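Here the structure is laid out as C-alpha cells; the discussion comes afterwards.
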Amino acid sequence: MGSFRTWGSRFVAAVTLIGTTGAAHAEVLRIGIAQAGGGDPLTFGGTPLGVVRNQQLLEKAFAGSDTEVQWFFFKGAGPAVNEALSNRQIDFAYQGDLPQVVARANGLDTKLLATLGTRSNVYVAVPKGSPIKTIADLKDKQVAIFRGTNGHLVAINVLAEQGLTERDLKVINLDTGSAQAALAAKGVDAAFGGLELFKLRDQGLVDIIYSTQGQDPRLTRQVALTVRGEYEREHPAQTQKVVDVLVQAARWASEESNRQALLEEWAKSGAPLSSWQAEYEGQSLKDRNSPLVDTFIRGRYQAVAEQAKTEKLIRRPVQLDGWFDTRYLEQALQRQNLQQFWIAYGADGRTPGPVASSGGVAPTEVAQHESR
C-alpha cells in the first residue's frame, strides 16, 4: 500500500469542493466523500448521507450559527480521503471499511461514529458476448480491481471461493470510471465493481456474470462515518448535531414507503434510477440504511483488519478497541425515540444480536447546545 504522502501528492487534483465561499466564517465543518460524485450540484447516493447532502439538512441544522458546512468529493476514493484526514483538510469522512482500517493501522486519530450504508453488493462484469461466464473463468485474464477500496477485499474473498487468488489473474488497478471505460472499449476481460455496472449492462455493453446479492452478508461492503479525533474532542456539539441529522435521514431512508423517493434522490448523482432499483431489489431498506454499529459491523471490521494484514495491505495488526465511539449515535437514537427502530444483527448478519455500547461518557448537555 502507498503511504499517506504518496496518496496526497494528487490531493488538489483529486478533490472537488462544494461550499459557500463568499462570507468569512469562524468555523468550517468539512465532510470528505470517498467518491467522485456526480450530478449538478455534485452529489452521491447509496447512503443516508446522500439525502443529507441533497436536502441540505446539515446546512439547515447549522443555520444561524457561525459554522459553515463544506463538502469535498474525492475521485481517489478512500486512500485520498485518508490523506486529507491526515493533513487535517477535512473533519468527517464517508468511506469504506478497508481504507478506514488502513488509516487506523497508520496511526490516524479517528473515531467511527455510525454506519452510512451497509451490505453494498459487488458485481463482476465482462464485455458483451465474452466467453467468460463464471468466476473460475477469470484465471489468467485481465481483470480490473480498484485496489485499496472497500471492494478490494470482497473481490479477494469472491475469488477465494473458487480457489483463486489475485496472482491467478492479471489484475489491473483501475478506479471506477476507468474500469467502466475499459470494459466498454474491451480493454479488460472483466471488472469487479458496484451498481455503476448496471448502466453498462442496460446499454448492452456488458454482461454481469456474478453478484453478491442474496448471498452471505459477509461478502458485502460496509461504509461508515468517521471523525478526526481532534475535531471531535474540540467540537462535541457539532459532532452530535452531525450524527443527529444523519440519524434523521437514516430513518427516512429506511421507510419502505419512501423507497421510490429515496432512489430518485440518489439518481440525482447521475447513476440511473434503474441501477439503484437493481441494486436494492428485494432488499430491506432498514438493513441497508441502518446506522447501528452492531455485532455484524464490528465483526466485519475485525475481519477486514485481519485480512488486510494477511494480504500485506497493512504492515502491523490493527487495534480496534476504543475506535468505535457510539456515544453520539446512542444519544441521537434516544432523542429521536429510535432505540428499537433498526434491527441489530449478530456476527452472521442474519441473526438478531446485541448492539454493544461504546461504554464512554455521553457528550454533555452544555456541549450539545453550544452554537459555535
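The values are calculated or read from the model by the stated rules, or taken from the named source; none is laboratory data. Computed from a predicted structure; not experimentally measured. Backbone-built Cβ (ideal geometry, glycine too); neighbour counts: all protein chains shown. Only protein heavy atoms, including side chains, enter the accessible area calculation; ligands, DNA and RNA are left aside. Shrake-Rupley method; radii C 1.70, N 1.55, O 1.52, S 1.80 Å.
For the reader, a short list of remarks on this structure follows.
- Between Gln240, Gln35, Gln260, the residue with the greatest mean-square fluctuation in the GNM of the chain (Cα pairs under 10 Å linked by springs) is Gln260.
- Area accessible to solvent at Val245, 1.4 Å probe radius, in Å²: 10 Å²
- Cα gyration tensor, the range 38-152 - rounded (a/c under 1.5), prolate or oblate: prolate
- For the range 194-200, 3J(HN,Hα) per residue [Karplus equation, 6.51 cos²θ - 1.76 cosθ + 1.60, θ = phi - 60°, Hz, x = Gly/Pro]: x, 5, 4, 6, 5, 4, 5
- Highest-fluctuation residue, Arg259, Arg288, Arg335 considered, GNM on the chain with Cα pairs under 10 Å: Arg335
- Based on C-alpha pairs under 8 angstrom that are at least 6 apart in sequence, the chain has a relative contact order of 22 percent.
- Extension gain for Arg167-Gln302 works out to 46.1 nm (0.36 nm per residue, less the C-alpha to C-alpha distance).
- Taking Cβ atoms as reference points and 9 Å as the exclusive limit, the residues near Asp348 contribute a net charge of +1, counting Lys and Arg as +1 and Asp and Glu as -1.
- Accessible surface area normalised per residue over the chain is 42 Å², counting heavy atoms of protein chains with a 1.4 Å rolling probe.
- Simple spin-label estimate for Gln215 and Asp66 gives 5.4 nm between the two label positions (7 Å along the Cα-to-Cβ direction from each Cα).
- Highest-MSF residue in the chain out of Trp266, Trp71, Trp323 [GNM, Cα springs under 10 Å]: Trp323
- Mean separation of Cα contacts under 8 Å, 6 or more apart, over the residue count of the range 186-307: relative contact order %: 29 percent
- Bridge orientation summary for the chain: considering DSSP beta bridges with both residues in this region, about 60 percent are antiparallel.
- Given a 1.4 Å probe and the protein chains as shown, Lys133 ends up with an accessible area of around 120 Å².
- Test item: Cα-centred dipole of the chain, Lys/Arg +1 and Asp/Glu -1 on Cβ, debye: 760 debye
- 5 angstrom amide H check on Thr212, placed H, neighbours 5+ away: Val122
- Of the complete DSSP H runs in the chain, those spanning 18 angstrom or more by Cα along the long axis with a mean Kyte-Doolittle score not below -0.5 are 236-254.
- Restricting the range 23-97 to trypsin sites (Lys or Arg not before Pro) that sit in a DSSP loop and have at most 15 other Cβ atoms within 10 Å of their own Cβ leaves Arg88.
- Largest accessible area first, the listed residues Ile172, Ile90 line up as Ile172, Ile90 when surface is computed with a 1.4 Å probe on the assembled protein chains.
- Whole-percent carbon and sulfur share, accessible surface of the chain, 1.4 Å: 48 percent
- Antiparallel %, DSSP beta bridges [both residues in the range 121-214], to 5: 55 percent
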